[in-house]
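The values are calculated or read from the model by the stated rules, or taken from the named source; none is laboratory data. Quick caveat, the model's predicted, so the values are computed rather than measured. So basically every Cβ, Gly included, is an ideal-geometry build from the backbone, and we count neighbours across all protein chains shown.
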Amino acid sequence: SDDELHARIRVAREELGERVVILGHFYQRDEVVQHADYVGDSFQLARAATEHPNAEAIVFCGVHFMAETADLLSGPDQEVVLPHLGAGCSMADMASIDEVEDCWEQLEDILGPLDEPDADGLAPVIPVTYMNSSAAIKGFVGRNGGIVCTSSNARTVLEWAFARGRRVLFFPDQHLGRNTAKAMGVPLTSMPMWNPRQPLGGSSASELVGSRVILWHGFCSVHRRFTTAQIDKARAEHPGVRVIVHPECPMPVVDAADEWGSTDVIRRAIEGATEPQTFAIGTEINLVQRLAAQHPQHTIFCLDPVVCPCSTMYRIHPAYLAWVLERLVAGETVNQITVSDDVAAPARLALDRMLAATP
Ligand code: 13P
Ligand code: SF4
């Protein structure tokens with residue numbers, strides 16, 4: 001039964017004590033979140049992975065790229081465990097290292113050597129990858145003078161990149177890239193999209209030369225379900241509603257919302273509301289339902305009427321958490337996530353640049 005499962009997790013957790021730390025992303029189901037020592041957005045969890053040097057194991061209740069990042073940022077003797085190896089991210093899978101390297105070569109053919117700054121000291125292109133990408137991609141970025149961002153620091157990171165380069169190649173999420181660059185005043189006409197299945201990504205050479213941000217053709221299947229029609233309906237049915245959406249939503253949705261930001265920005269907006277209010281939220285359902293339960297004084301609902309969990313986040317079931325913890329008690333590490341040494345050094349560089357650039 002569920003009760004037995006939770007009891008097993010508690011017993012194993014107690015046994016392991018300080019030897020283990022459990023990190024949980026906001027999108028995890030409540031049955032998992034209740035066991036986490038630390039719950040946060042992807043940036044906060046990356047930082048948290050650096051802040052528990054005494055834990056022998058970090059059990060990461062999230063998705064694969066987050067566990068890889070924790071492995072990169074944690075100490076050399078710390079092990080990172082992902083309770084279900086099938087917990088990936090469909091958006092991260094939309095940019096493979098081969099496709100990104102091929103893109104880079106094609107850009108070099110058009111723009112000239114990408115490792116040579118111009119007379120102003122600016123590189124032709126700075127690669128910026130969203131945290132939601134493989135360690136191999138982060139390694140590519142690190143090797144080529146680039147940086148990682150999350151949804152909470154994308155603007156700061158783009159400013160970092162524009163201080164060093166003429167253009168940004170942003171992957172894998174076109175929406176985070178477009179929404180952030182647009183808010184910074186970059187014209188939409190200078191943001192061509194790169195579709196890895198087409199020559200030159202589907203753009204013309206002159207579009208790429210004149211670009212400021214080249215957007216990779218990736219998206220989140222959960223967040224692209226949100227529409228402006230849902231926002232219109234929420235406003236019609238709930239006068240005075242505050243609409244807050246995640247920047248992985250398409251641009252028209254972000255434009256029609258009152259506010260937008262990372263999962264933690266959404267959480268803080270609700271926690272900061274002193275008077276009872278109605279909130280319509282455009283992000284993953286587990287977080288929305290938890291916020292609704294934690295703040296009964298407010299009316300909080302998801303913009304999408306059809307429940308939309310992130311199916312891969314949802315793979316972390318308490319049964320897997322119980323299993324990995326019990327194996328740790330028995331002295332065996334299962335489902336360990338490790339990044340190979342050749343990728344780890346440049347990937348760490350790209351992550352360290354992000355941590356240093358983010359206040
Ligand atoms: P944040 O936690 O950075 O808001 O990202 C959400 C997300 O989609 C993680 O996959
Ligand atoms: Fe990936 Fe979207 Fe799930 Fe986040 S919510 S892990 S971006 S599929």
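Annotation: of all residues in segment 160-179 being basic (Lys, Arg) and away from ligand 2 (no atom under 16 Å from the Cβ), the one that is surrounded by the fewest Cβ atoms within 10 Å (Cβ to Cβ) is ARG164. A residue that is within 15 Å of ligand 2 (Cβ to nearest atom), in contact with a strand residue (DSSP E or B) (Cβ under 6 Å, 6 or more places away or on another chain) and not assigned by TED's automatic domain parsing to the domain that holds ALA181 cannot be found anywhere in segment 229-244. Each residue in segment 274-307 was checked for being over 13 Å from VAL245 (Cβ atoms), of a type in the set (A, V, I, L, M, F, W, C) and within 16 Å of ligand 1 (Cβ to nearest atom), and 2 of them qualify. If the condition is being in contact (Cβ under 8 Å) with a residue 12 or more places away in the chain and either within 16 Å of ligand 1 (Cβ to nearest atom) or surrounded by fewer than 16 Cβ atoms within 10 Å (Cβ to Cβ) (or both), then segment 318-328 contributes only ALA319.
I'd like the full set of residues that are more than 13 Å from ligand 2 (Cβ to nearest atom) and under 21 Å from HIS35 (Cα atoms), limited to segment 85-105. Hit for segment 85-105 is LEU85, nothing else. The residue of segment 247-279 that is farthest from the chain's Cα centre (by Cα), among those that are over 23 Å from LYS182 (Cα atoms) and surrounded by 18 or more Cβ atoms within 10 Å (Cβ to Cβ), is PHE279. Within segment 212-221, the set of residues being more than 16 Å from ligand 2 (Cβ to nearest atom) and crowded, with 24+ Cβ neighbours inside 10 Å comprises VAL213, ILE214.
Taking PRO296 as the residue in question, decide whether it is assigned to a loop (DSSP other than H, G, I, E, B) and assigned by TED's automatic domain parsing to the domain that holds ALA234. Judged against the criteria, PRO296 is a match.
Confirm whether VAL329 is aliphatic (A, V, I, L, M) and over 24 Å from the mean Cα position of the chain (by Cα). Here the answer is yes, as VAL329 does meet what is asked.
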